[in-house]
1. Look through ASP270, ASP249 and report the one residue that is open to solvent by 50 Å² or more (accessible area, probe 1.4 Å), in a helix (DSSP H, G or I) and either farther than 14 Å from PHE351 by Cα or not β-branched (Val, Ile, Thr) (or both).
2. Please go through the range 66-83 and pick out each residue that is of a type outside the set (Lys, Arg), open to solvent by 10 Å² or more (accessible area, probe 1.4 Å) and not in a loop (DSSP other than H, G, I, E, B).
3. Could you identify the single residue in TYR229, TYR262 that is within 14 Å of the ligand (Cβ to nearest atom), over 24 Å from GLY50 (Cβ atoms) and more than 16 Å from the chain's Cα centre (by Cα)?
4. Within the range 309-340, can you find the residues that are among the acidic types (Asp, Glu) and crowded, with 17+ Cβ neighbours inside 10 Å?
5. Please work out which residue is least open to solvent (accessible area, probe 1.4 Å), limiting yourself to the range 189-229 and to residues that are assigned to a loop (DSSP other than H, G, I, E, B) and aliphatic (A, V, I, L, M).
6. Let me confirm something: among SER306, SER284, which residue is hydroxyl-bearing (Ser, Thr, Tyr), at pLDDT 95 or above and surrounded by 19 or more Cβ atoms within 10 Å (Cβ to Cβ)?
7. Across the range 84-134, what is the total count of residues that are part of a strand (DSSP E or B) and of a type outside the set (Val, Ile, Thr)?
8. In the range 166-188, how many are surrounded by fewer than 21 Cβ atoms within 10 Å (Cβ to Cβ) and either within 12 Å of the ligand (Cβ to nearest atom) or in a strand (DSSP E or B) (or both)?
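The values are calculated or read from the model by the stated rules, or taken from the named source; none is laboratory data. These numbers were taken from a predicted model, which means no experiment stands behind them. So basically every Cβ, Gly included, is an ideal-geometry build from the backbone, and we count neighbours across all protein chains shown. Only protein heavy atoms, including side chains, enter the accessible area calculation; ligands, DNA and RNA are left aside. Shrake-Rupley method; radii C 1.70, N 1.55, O 1.52, S 1.80 Å.
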Amino acid sequence: MSIATDRINLSAPWIDERDEELVLEVLRSGWLSLGPTGPRFESMLADAVGAPHCAAVSSGTAGLHLCMRIAGVGPGDEVITSPYSFVASANCAIYEGATPVFADIDPDTYNLDPAAVEAAITPRTKALVAVDIFGYPAAYDELIAICEKHGLVLVEDSCEALGATYKGKPLGSHGHLAVWAFYPNKQMTTGEGGAVTTASAEEHEVLVSLRNQGRLETSSWLQHGRLGYNYRLDDLSAALGIGQLEKLDRILEARREVAGRYDELLASVDVGTPLADDADHTRSWFVYVVKLPSGVDRDGVMARMSELGIATAPYLPSIHLQSYMRERYGFSEGMLPVSEDCSERTMALPFHARIDRGDQERVADALRAALV
Ligand SMILES: Cc1ncc(COP(=O)(O)O)c(C=O)c1O
């Protein structure tokens, strides 16, 4: 097969010999689940995001679910979140019997519009799940002020944003609960895995209990003080996480360079490119998403790029229009016009730390060709 027809994938993890070594060490130790490696990983992750406490969990979704438990969310409550996110941002509320309420987004950042959040608050609102979509920090000054004014628990879904900073401080260091995810398309991976960070020692203690079947710090293995889950991260995954964190700065820098090359290559292509960082927002590059001009058949563009060997993804469908959401809550088109418009026009290009310039040129050429 010639190089020109090699398929260019959407994402790829960066796994090297050091990762293999660390995982092998755990495998050979025979201590595969709750051993000494998990706490080492947690402490490195806490340092990386500037959080006092970190609880590793089995996925970002599990972390969000536990945050709903911490927030005391239950039947009759409402939880506000973004429609332009991965479904887990909303599903976590449903798991606890609450109703997800979607507030519309800002068309430039793709994050929650604080004015829309404020307008969505009712006496039943209990929590806000703010999302740092595509690694771009949400408007925390405004969102924190809204939560304080209305007595809401703020949970940050930072699953796509490891390494981003807001107002010069890393996401994760702003005090409230923040959730991280390590699926292999993320900046760093543990295979499956996630974590919750917080400034609160009490919240951390509850998280550690909830993820481990409700066991208490003081109880023996078969005594359970509360209803919990098996949301543990095993030591093999944590070992991979350590290898990834050791090179996190290099990974983030490489991703930034790749994004810069796309900015350059797409300057002459008729698409909207991601918002640039500013003094308050430094993005961590999760994906590179372009916005097609209004009226262009995005799915047709994706199909033509696929024929040219380029994988793309329709990031992101609006959550409220997923079939189960429509059926459960009667959501329909027109409710969240900004999110819906973005959902029809945005598309992720192949993006990972080690994609080379040649492949990026092929992506840019294919996009240009697919648009005409
Ligand atoms: C914004 C967002 N929230 C939550 C999740 C859930 O993470 P996980 O797939 O680890 O459950 C993801 C990951 O896909 C995500 O992108």
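1. Result: ASP249 is the single residue among ASP270, ASP249 that is open to solvent by 50 Å² or more (accessible area, probe 1.4 Å), in a helix (DSSP H, G or I) and either farther than 14 Å from PHE351 by Cα or not β-branched (Val, Ile, Thr) (or both).
2. Of everything in the range 66-83, those that are of a type outside the set (Lys, Arg), open to solvent by 10 Å² or more (accessible area, probe 1.4 Å) and not in a loop (DSSP other than H, G, I, E, B) turn out to be ILE70, GLU78.
3. TYR229
4. GLU340
5. ALA199
6. Of the residues listed, the single one that is hydroxyl-bearing (Ser, Thr, Tyr), at pLDDT 95 or above and surrounded by 19 or more Cβ atoms within 10 Å (Cβ to Cβ) is SER284.
7. 7
8. Residues that pass the stated criteria total 4.
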